[in-house]
Amino acid sequence: MTAPARAAETDQMILRGGRPLMGEVALKGAKNALPKIMVAALLTEERCILRNVAGIVDVTIVSDLIAALGGEVSSPEPGVLEITTANLHPMQRSVLKEFSGKSRIPILTCGPMLARFGESPVPSLGGCQIGTRPVDFHLRALQDMGAELHDATGNAHLTCERLHGNKIKLDYPSVGATEQVILAAVRAEGVTELSNAAMEPEIMDLIMVLQKMGAIISVDVDRVITIVGVKRMRGYDHTTIPDRLEAASWASAAIATNGRIFVRHARQEHMMTFLNRYRQIGGDFRVSDDGIEFWRAGEKLKSTALETDVHPGFTTDYQQPFVIALTQAQGVSIVHETVYEQRFGYVEALNSMGAQIQLYRECLGGLKCRFGQRNYKHSAVIVGPTPLRGAEIHIPDLRAGFSYVIAALVAEGVSTLHNTALIERGYENLVPKLRALGAEILD
Ligand code: EPU
């Protein structure tokens, strides 16, 4: 894999704005698919090969976790991982402690570890602080499948003889909980019918891997996923889908800076909702077999009203970079965030750069939302276009980090971004890519 970018070493980036981004970037495997597919390797003793692997933090964390559990992870060539977990052992508390709080992925090991050893501790999780992000759906589903939860203050632990299939309905189509159920159900006894499941492309990619491994999984259009448990699973050889969230981030950068970026490997079928919205606000794009090129159709951008939602809605991870484009659009835009209750924490710093964004507790949109009555500022009204000026800002989370990069590129003057390592969680080689697109990054 490629070496970590310079930003990760210094943890800050100094940018001079005012130049459009022009050129090409290439995507690798999706951040929200790769680590889960690595976890799937725990379901088999056979060798698994994962291709199109990006050098991002979650991949490193899961590689280290698998190694700490007795598995072998190697990289025979750049972008390829070979994983074998024949000598896996149950998770010890020390291992759990080491990985707790680093990422959201370790919770997904519960199902495979229950299948292998009949027991699994429940890891406490890290990841971006964009809401409370509980794991109640995960634990309830595993319990519905026969796992017993022993909750000795702070040391929660699951045990079971063998998980069994069940009818499970999620309260909300959670990505992680859907993956949890699928990963647990593939080796459970009998049939699991999961309703109100998430259907993100990354989940479909995981399902493709599991089918290669011997699983029997069907996906219905009405958010129902049915899994017939099997006793044994084989190894896999899989090329992960490209990262649509990174593609949308570069697309937002192109339109906000009035540039033109060809995102190699971006796939239209994963991004249809985003592409529609992009066109509505005055962006344009050309789809080819190799990727998608993004630019501004005319001089001015148009405002819009949108609501984030689970796939195939406007994905919440598109939201922050897209809002920077909306600060440059004519008129009043409204964004109702319905997936995370606290995903507008980054707005204050944008306002200090000259943006005019006001947050509201009310649901400014028609979607049924879990946050309206709970006092969270989860709707934003953006007045544009506003010139932005350089500032010194601290990055609170991954997507906010990329949105600050775009804001700094749009802004007049110099910006210093701190905590850039957070962006490296999801964007491989950020600094070299930005430089190749003509961004002025000061040493
Ligand atoms: N939720 C619960 N209980 C649960 C699980 C989820 O209430 O047991 C709630 C969450 O609090 C949230 C909503 O359900 O309000 C959706 O959460 P979800 O479980 O779908 O999120 P996740 O699996 O933790 C993944 C991505 C996120 C992405 C979301 C939604 C990974 C590693 N992370 O998180 O990615 O925003 O799905 O699409 O796959 C990002 O890439 O920047 C990022 C945050």
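Could you work out how far apart the two model spin labels at Glu72 and Thr416 are, taking each label as a point 7 Å from the Cα in the direction of the beta carbon, and quote it in nm?
Simple spin-label model gives 4.8 nm for this pair.
Once each part is reduced to its C-alpha centroid, what is the distance from region 356-427 to region 206-234 in angstrom?
That distance is 37 Å.
Using +1 on the beta carbon of Lys and Arg, -1 on that of Asp and Glu, and nothing else charged, what's the dipole of the chain about the Cα centre, debye to 20?
560
Given only helices, namely DSSP H runs of n ≥ 4 each adding -39500 (n - 2.57), what is the per-residue ellipticity at 222 nm of the chain, to the nearest 500 deg cm²/dmol? Kindly include the intermediate steps, with their values, before the conclusion.
On the way: 14 runs with 130 residues, N = 443.
Result for the chain: -8500 deg cm²/dmol, rounded to the nearest 500.
Report the one residue of Ile217, Ala147, Met199 whose Cα lies farthest in the direction of the positive end of the charge dipole of region 34-239 (charges on C-beta: Lys and Arg +1, Asp and Glu -1; origin at the Cα centre).
Of Ile217, Ala147, Met199, it is Ala147.
Taking a 22 Å limit on the Cα-Cα distance, which of the listed pairs Lys31/Lys102; Lys28/Lys433; Lys167/Lys231; Lys31/Lys368; Lys28/Lys300 fall beyond it?
Where the Cα-Cα span goes over 22 Å, the pairs concerned are Lys31/Lys368; Lys28/Lys300.
Points 7 angstrom from Cα along the Cβ direction at Asp222 and Arg234: gap in nanometres?
3.4
With the contact rule set at Cα under 8 Å and sequence spacing of 6 or more, what percent relative contact order holds for the chain? Numbers along the way, then the final one.
On the way: 1057 pairs, mean separation 94.6, N = 443.
Over the chain, the number comes to 21 percent.
Over region 34-239, with the other protein chains present, what is the accessible area per residue in square angstrom, probe 1.4 angstrom? Intermediate results must be reported in sequence, preceding the final value.
On the way: 8170 Å² over 206 residues.
Heavy-atom accessible area per residue stands at 40 Å².
Can you list the residues, at least 5 places off or on another chain, whose amide H is less than 5 Å from the amide H of Ile216, using H built in the peptide plane?
Val228
Of all beta bridges DSSP finds with both residues in the chain, what is the antiparallel percent, to the nearest 5? Don't skip to the answer; put the middle values down first.
On the way: 56 of 78 bridges.
If I count the DSSP bridges inside the chain, around 70 percent turn out antiparallel.
Identify the residues of region 246-266 with backbone N under 11 Å of a label point that sits 7 angstrom from the Cα of Arg286 along the Cα-to-Cβ direction, or state none.
262
For the peptides 220-228, 382-390, what is the packing order when you average, over each peptide's residues, the other Cβ atoms within 10 Å and list the highest mean first?
So the peptides 220-228, 382-390, ranked by packing, come out 382-390, 220-228.
May I ask which residue of Gly165, Asn429, Ala253 lies farthest towards the positive end of the charge dipole of the chain, with charges of +1 (Lys, Arg) and -1 (Asp, Glu) on Cβ and the Cα centre as origin?
Toward the positive end, the furthest listed residue is Ala253.
Quick one: if you stick a label point 7 Å off each Cα along the C-beta vector at Asn375 and Arg264, how many nm between them?
Using points 7 Å along Cα→Cβ, the separation is 5.2 nm.
Along the three principal axes, how long is region 34-239 when you take its alpha carbons, biggest first, rounded to the nearest angstrom?
On the principal axes, region 34-239 reaches 42, 39, 35 Å in Cα extent.
Can you tell me which of 297-306, 392-401 comes out highest on packing, and rank the rest after it, using the mean Cβ neighbours within 10 Å?
In decreasing order of mean packing, 297-306, 392-401 become 392-401, 297-306.
At 0.36 nm per residue, and after removing the present C-alpha to C-alpha distance, how many nm does the segment from Lys368 to Arg133 gain when stretched out fully?
82.7 nm
Placing unit charges on C-beta atoms (Lys and Arg positive, Asp and Glu negative, everything else neutral), compute the dipole magnitude of region 34-239 about its Cα centre in debye, rounded to 20.
On the way: 19 positive and 24 negative charges, 30 e Å.
Value, rounded to 20: 140 debye.
The values are calculated or read from the model by the stated rules, or taken from the named source; none is laboratory data. Predicted model only: the values in this text are computed from it and were never measured. Note that each Cβ is placed from the backbone with ideal geometry, even for glycine, and that neighbours are counted across all protein chains shown. We work out accessible area using only protein heavy atoms, side chains counted, and drop any ligands, DNA or RNA first. Shrake-Rupley method; radii C 1.70, N 1.55, O 1.52, S 1.80 Å.
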